[in-house]
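For reference, the structure discussed in these notes is given below.
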Amino acid sequence: MEIKTPLKDDVLERLRAGDRVFICGIIYTARDAAHARLFELLEKGEETPFPLEGQVIYYTGPAPAKAGWVIGSAGPTTSYRMDPYTPMLLKHGLKGMIGKGARSEEVKEAIRKYRAVYFAAVGGAAALISRSIKKAEIIAYPDLGTEAVRKIEVVNFPAIVINDIYGNDLYEEGVRAYQRLEF
Amino acid sequence: MRKIDCNAISEAVARLVIEANVFLPDDVLKALERGEREEESAVGKDIFRQIIKNNEIAASEGMPVCQDTGMAVIFVEIGNEVYIEGDLEKAINDGVRMGYRDGCLRKSIVNDPIKRVNTGDNTPAVIHYRFVRADHLKITVAPKGGGSENMSLVKMLKPADGKEGVRRLVLETVRAAGANPCPPIIVGIGLGGNFEKAALLAKEALLRPLDDRNPDPDIAAFEESLLEDINKLGIGPQGLGGRITALACKINTYPCHIASLPVGININCHVARHKSIEL
Ligand code: SF4
């Protein structure tokens, strides 16, 4: 299914854990260090360098672009490290996150409460994913290098819904279906 | 005595860090193809296909397989019959600096674990030296990403915990890691030695060819049964559920103290990079 950013209510209501989606539109990159800064701004009641309302954050720190390229390899990083900051961002209108790996109970609760979606991209498929990135521009925190916030335009960015607004969790369901060992 | 010049070492390291990050070893590519054939979950199969496609794109475009081009972990075997002219450690770090710059590899190292300012050139590397009877200098570069490294651990078990204790610890560790280390993973296990030796054994286990057999038949059997158990956990490719959670499980052992059973578990992702050269 193809979906467009920013994420609107009707899309959020349609998405279910396990859906494979192709994301099109503008998304923002941010990982550990940028999250710490965004969190601090929100705590102080200050404005963030990009509007959070309806937006999608992609947890990635891309490799440098070769000459003539938009971006280097850019796969997802592990999401749990952003967990301490995520409920605050969701509270301020963030609607989607792309990363890899399970989220904390607090984050899953906040995803339900604020009606947002957590997507996974294939960790390690960074060269493949970079092909769906058509434009990239650093819009905040250039001092952070790879961890700077980039505004990127994606076309058919491949992802899969892990946590939906209904409280489903694909990691739990998927593993349950194949588990053959209790210990 | 053969003389080896430090510039040659820097150039070799620069080339190795780039090649290791762009081209995965053949045994890893083969294991991924086999995984694609054997995985039962449709989503899992598709993930294998994306991973294989990714590796092809990386190789043909000369770009890193993964954006996390890792901390440069470097094993150096120094033969007693070579003489290195200059500062070996500096030569290695110079090579890392050049390779990460020229190969458009990501700079992922911060100067201090608490202050956390990026060093900007991916130095310093973590270097392990070993002295051997030989007339070569062998350098192995094994860039290691944070996602899988973060899921690793060392635990000091009791001798009474035995093999079953080791098995439980491995399964618990892999289960807790879930999707975080980008499965399909490779599990490197260090058994014995002491606290730091167990970790190093585990890391060295990750350098073994995926299709080799441990020369100790008991350990070889343990590796096989552990791999089977790991693959019954159901985690599957990318943790979305499936048969193939790990491509391989490798155990390296060492004698240990009468009071201890040290276990190191080093998890690697499917982007299992390493490349060697002999100078
Ligand atoms: S765990 Fe491996 S594949 Fe996953 S992001 Fe890190 S380096 Fe890449």
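Just so you know, all these numbers are worked out from the coordinates, no wet-lab data involved. Quantities reported herein were computed from a predicted structural model and do not represent experimental measurements. Here the Cβ is made from the backbone with ideal geometry for all residues, glycine too, and neighbour counts use every protein chain on show.
Of the beta bridges in chain A, as assigned by DSSP with both residues counted there, near 60 percent are antiparallel. Per residue of B:49-62, other chain Cβ atoms within 10 Å of the residue Cβ number 4 on average.
Taking amide hydrogens as placed 1.01 Å from N in the peptide plane, the amide H of B:ALA134 sits under 5 Å from those of B:ASN80, B:GLU81, each at least 5 positions away in sequence or on another chain. Basic side chains Lys and Arg get +1 at the Cβ, acidic Asp and Glu get -1 at the Cβ, and with that the dipole of the range B:38-150 about its Cα centre reaches some 320 debye.
Protection proxy ranking, highest mean first, for peptides A:69-76, B:70-77, A:111-118: A:69-76, B:70-77, A:111-118, where packing is the per-residue count of other beta-carbon atoms within 10 Å, averaged.
Evaluate peptide A:74-80: per residue, the Cβ atoms of other protein chains within 10 Å of its Cβ; return the mean as an integer. Neighbouring Cβ atoms belonging to other protein chains average 6 per residue here.
Projecting the Cα atoms of A:CYS24, A:ALA110, A:LEU94 onto the dipole axis of the range A:2-179, where Lys and Arg carry +1 and Asp and Glu carry -1 at the beta carbon, places A:CYS24 farthest toward the positive end.
Can you pull the mean other chain C-beta count within 10 Å for peptide A:171-177?
Mean shielding count: 6.
Over 24 Å apart at the Cα level, from the set A:LYS4/A:LYS135; B:LYS3/B:LYS203; B:LYS163/B:LYS275; B:LYS138/B:LYS197; A:LYS135/B:LYS45, are B:LYS3/B:LYS203; B:LYS163/B:LYS275; A:LYS135/B:LYS45. Shape class of the range B:146-273 from the alpha-carbon gyration tensor: prolate, with a/c at 1.5 or above and a/b greater than b/c. Taking the alpha-carbon distance from A:LYS100 and a cut-off under 17 Å, which lysines remain once sequence neighbours fewer than 8 residues away in the same chain are dropped? Within the straight-line cut-off, A:LYS100 pairs with A:LYS108. Taking label points 7 Å from Cα along the Cα-to-Cβ direction, B:ILE277 and B:ILE258 give a separation of 4.9 nm. Among beta bridges identified by DSSP and lying wholly in the range B:146-273, the antiparallel ones come to about 55 percent.
Quotient of the Cα radius of gyration of the range A:1-110 and 2.2 N^0.38 Å, N being its number of residues: 1.09.
Modelled spin-label separation between A:GLU105 and A:GLU47, with each label point placed 7 Å from Cα along the Cα-to-Cβ direction: 3.9 nm.
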